Amino acid sequence: MASILVVDDSTTMRQMVSFTLTSAGHEVIETADGIEAVEAAKGKRFDLVISDVNMPGMNGIELVRHLRTMPDYKFVPVLMLTTESAQDIKQRGREAGATGWIVKPFSPEVLLATLKKVLD
Amino acid sequence: MSIDLTRFYESFFAESLDGLDTAEAGLLALEKVEPTPERLNAIFRGIHSLKGSAGSLGFNAITDFTHHVESVLDHLRKGTLTPDRDTLDVLLDCIDYSRTLVLAAREGKVADVEQANQLIASLKTLGIPVAGASVNIQSPPAVITSNRSGYHVRFEPSSGFFENGNDPLRLLRVLDGLGEMTAKVDLSRLPNSEEFDPERCYLAWDFQLLSDTEQSEVEEVFSWVVDDCKLLIETITPAAKEIEALAPQTIEALAPPPLVERSREDRRTSGRRTEDGDNTSEIRADRLNVSRSKVDNLINLVGELVITKTMLKQSVALLDPTSAATLSASLVQFERHMRDLQEGVMAIRMLPVSHAFGRFARMVRDVSQRLGKQVHLEISGEQSELDKSVIEQLVDPLTHLVRNSLDHGIESPEIRRALGKPETATLKLHAQHKAGNIEIMVSDDGRGIDLERVATKARAAGLLREDETLTPERTRELIFSAGFSTAEAVNELSGRGVGLDVVRKNISALSGSIKVESTPGHGTAFVIRLPLTLAIIDGMTVSVGADIYIVPMTFIVECLQTDRVKLKTVAGRGVLVEVRGKYLPLLTLANLTGATNAASFENGLLLILEAEGNRVALLVDALIDQDQVVIKSLENNYRKVPYLAGATILGQGKVVFILDVGALVFAVRE
């Protein structure tokens, strides 16, 4: 059981991810964009962050970049969950410090399997 | 694990429709304003999110279609496509169709596929590659990436490749799955046995992949190892395929310049996105999606609490003031908190009126185009907030008024030019708060209401006697009569037998009023006044005989003592009272509701009520109190009762009725 921060501007996606994770016994906090996520991350050290890329305000790439400047989040795994599959964006995600990339549409199985790999 | 996805449907449908509205509004705005990256991104995001969520929920028709739209929007975003009129037309149609798809999904139906194909074809005519098309817009010398015969892939993992948990074999298997693959291993980096470190990677490969797959799919295979290896993917043209045996360098020479080095440069053929400039000012607060029934329930509970508070207050009033001083003081504080709570809860349901105004940009654009008129829509005050249910019920009347204006009010550009008016007419939608109400104005600078013509029509329709003369105010009121329309020709837009009488009826049902102002030749303005919410109103408690009623404050003009007015009986019109030179019908509840009548005219009071521009005098015995009352629907709890707008519970727990002033005034006027 891990505590996970989920960041997505789409309520539907947030609910789906959140439901998948809580069903698997994890504790989930949802936020709707990067700025909120940073706020949440300041208050608590999550075991894992799962973030969308294309969001208003602070997008997912900027979020990872910002998280990596926070001492608590230097090594916390950050998974990008997004429809973006273009290489340059993945590359930017990696450079910013993202740990992995899951392309939507996501299936609960893939999400949980990736999670296990990253958390173990 | 398997998850019942249906639980996410409701939120998906609501969110998708919102997103499409945003995208639509954004596209419409592009006709007028500079397409900034923020604006374009917001449009893109509406479709992008829809595609993502739909895919995850298995709505494949939506995903497939929006994918095409998304890639066109992506070009718009990158500036490789300009948002000219044709482009916007097609994209707006696509938004419409996406909406149809979402609605169809909600109904569990399948949308018309033919239309999707037509739209995708239209998207392709926009002069840019849509998904699956074949031109790489990034490289000017048009690297053809589809319909290839195959690829040559040079894959050289870094020596630390294994350290990151990567496995070349896995990649090879995936690559093999894409087509007919031959692999040649390159052992040149292999050191001698003394230097050999089993944890290092020394191998490299050259693959020949014969396949029709998109290059992007080949790239995808290596996506996560890209900076842990040297990778070269080059296309093999049919000519080059015949000389497979040639070294890569030769192939490069034969087919210039298909060599694409794996780098941070983007080479994706389509559907490529960046988040450049993804910094819209639209910063969202932490949002909750709560079902409407929960909020309604909360509002009901607050209503109950308001009633309990009133009961408590009345009980405290009966106590000895000195001994109950502390209790009284606490009660004052309780009341204040109660009011704050009530406002807070009501605010949950308040939405900016832009939710109703938003749709008109599109409608005005489409309708004026069809009518060959030039119309500029000006929206102001759209941030004024209004109860969600009021907004929903406001859409139809507003639609009618806007259509009316486009159809009858605004002249054709030729006529306007001849009249010395600017060819482009202005249609204004304006909202503002006024003393606990909201005022919404729909106005245009068109031809105005022709009073002559109205009178003639009214006579012809039997609404007026031949000899009856009218004040301009009264004439304008006529246009709200049932069966009245000055439309010369019945047309698609306004002449469907629905007149302004229906608009007025709808507005009245919201406890509101509508008036019209007009200057012939200069324009018309319809002004709608509405209470901010339907759940709690300010009401005057009055007694009539043995009964108590509530009269909504919005309808009360004034209150007069009966000795200040004169009674007059007019044949055919019943009893009238003269108030400052004007004769108003006297309304007694007995003859309409069968209720007990006021004790006597002499000892009573007259409430002057106004609804739909008509005034009547209601005879009551006394005014008891003025307070906020919580409206309980009679239809939901009992059945619709004529002349009653609802019921409420007073402090003592007594149920009293709220008068439907609109209906009463209407009945008396009839």
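Values for this structure:
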quantity	calculated
3J(HN,Hα) from dihedral phi, region B:200-216, Karplus parametrisation 6.51/-1.76/1.60, rounded to Hz, x for glycine, proline	9, 9, 10, 8, 9, 9, 10, 10, 10, 10, 9, 6, 9, 4, 5, 4, 4
Flagged links, alpha-carbon separation over 32 Å, of B:Lys51/B:Lys505; B:Lys78/B:Lys230; B:Lys32/B:Lys124; B:Lys109/B:Lys294; B:Lys505/B:Lys568	B:Lys51/B:Lys505
Relative contact order computed over chain A (Cα-Cα under 8 Å; 6+ residues apart), in percent	23
Per-peptide average of other Cβ atoms within 10 Å, ordering B:377-390, B:289-302 highest first	B:377-390, B:289-302
Residues whose placed amide H lies under 5 Å from that of B:Ile379, excluding near-sequence neighbours	B:Leu429
Count, lysine Cα pairs under 25 Å in chain A, 8 or more residues apart or across chains	13
For B:51-60, mean number of other protein chain Cβ atoms within 10 Å	5
Estimated [θ] at 222 nm from DSSP helical runs (n ≥ 4, -39500 (n - 2.57)) normalised by residues in chain A, nearest 500	-13500 deg cm²/dmol
Which of A:Pro105, A:Met80, A:Met70, positive extreme of dipole for chain A (C-beta unit charges)	A:Met70
Evaluated over region A:19-120, the Cα radius of gyration and Dmax, each in Å	12.7, 34
Exposure proxy order (Cβ contacts within 10 Å, fewest to most) of B:Phe65, A:Phe75	A:Phe75, B:Phe65
At q = 0.21, 0.28, 0.33 Å⁻¹, base-10 log of I(q)/I(0) for region A:59-107 (Debye sum, equal scatterers on each alpha carbon)	-0.66, -1.04, -1.29
All lysines inside 22 Å of B:Lys309 as judged from Cα atoms, apart from same-chain residues fewer than 8 positions distant	B:Lys632, B:Lys654
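Where a number appears in this text, it was derived from the coordinates with a stated rule and is not lab data. What you see is a predicted model; the values in this text were computed from it and never measured. Virtual Cβ from ideal backbone geometry, glycine too; neighbours counted across all protein chains shown.
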